[in-house]
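First comes the structure, then the notes that go with it.
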Amino acid sequence: MIDVETPRFTVGVFQDVAWASKGLDALKQAGFPSEAITVLAKESPETAALIEKTFGSAADRLDLAVIGPVVVRGSLMDVLQGSARDLATRGLSGTMRRVGFQAHDCRIFEALAGRGGVLVAIRGEPRAADALAILHSYGGGNAAIGAWTGRV
């Protein structure tokens, strides 16, 4: 087997921008830096404003398979995009396995984001349990820690 260094992420999907904003504020108050956070949501003025508030810069726009146009910012996208721009063809459900989630979790994240939910991911294993607790506390649905160990 070959060891592959893949960052571990904790992911949850908030029902709307208001809940996501509360969760993101709590993550920042708990000491999670902006560089460790990713936000992805269907494209709208509200979601674009949330990303700008969170990161201090404008969101990137992508077209994802299944979901369609989204706004996004954060390190999770670098891992999911791959060299072939996989998000456009495979979507979240086809790429989230790279960061340790099982296929059914990937489909749930994609379905919730497709219905207007705001996906929030936090990179980093040392404080994954803290991130998970905050996501749950502020309404992050189906929050989970990617469990893949990085072995191919």
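FYI, it's all coordinate maths here, none of it is from the lab. The structure presented is a predicted model; accordingly, all values stated were derived computationally and were not measured. Note that each Cβ is placed from the backbone with ideal geometry, even for glycine, and that neighbours are counted across all protein chains shown.
For the range 42-67 versus the range 87-143, the spacing of their alpha-carbon centroids is 16 Å.
About its Cα centre, what dipole magnitude does the range 9-145 give when the only charges are +1 on Lys and Arg Cβ and -1 on Asp and Glu Cβ, stated in debye to the nearest 20? List each step's numbers first, then the result.
Details: 14 positive and 14 negative charges, 33 e Å.
The calculated dipole for the range 9-145 is roughly 160 debye.
Among GLY117, GLY100, GLY82, the largest mean-square fluctuation in a Gaussian network model of the chain (Cα springs under 10 Å) belongs to GLY82.
The fewest-to-most ranking of LEU92, LEU87, LEU62 by surrounding Cβ atoms within 10 Å reads LEU62, LEU87, LEU92.
Take the Cβ atoms of ASP63 and GLN15, set R0 to 25 Å, and the FRET efficiency comes out at 0.60.
Sorting ARG85, ARG73, ARG127 from the fewest to the most surrounding beta carbons within 10 angstrom yields ARG85, ARG127, ARG73.
Please label the shape of the range 94-142 as rounded, prolate or oblate, based on the square roots a ≥ b ≥ c of the eigenvalues of the alpha-carbon gyration tensor (a/c under 1.5 means rounded; beyond that, a/b larger than b/c means prolate, else oblate). Please list the in-between numbers first.
Details: a/c = 2.33, a/b = 1.22, b/c = 1.91.
Here the range 94-142 falls in the oblate category.
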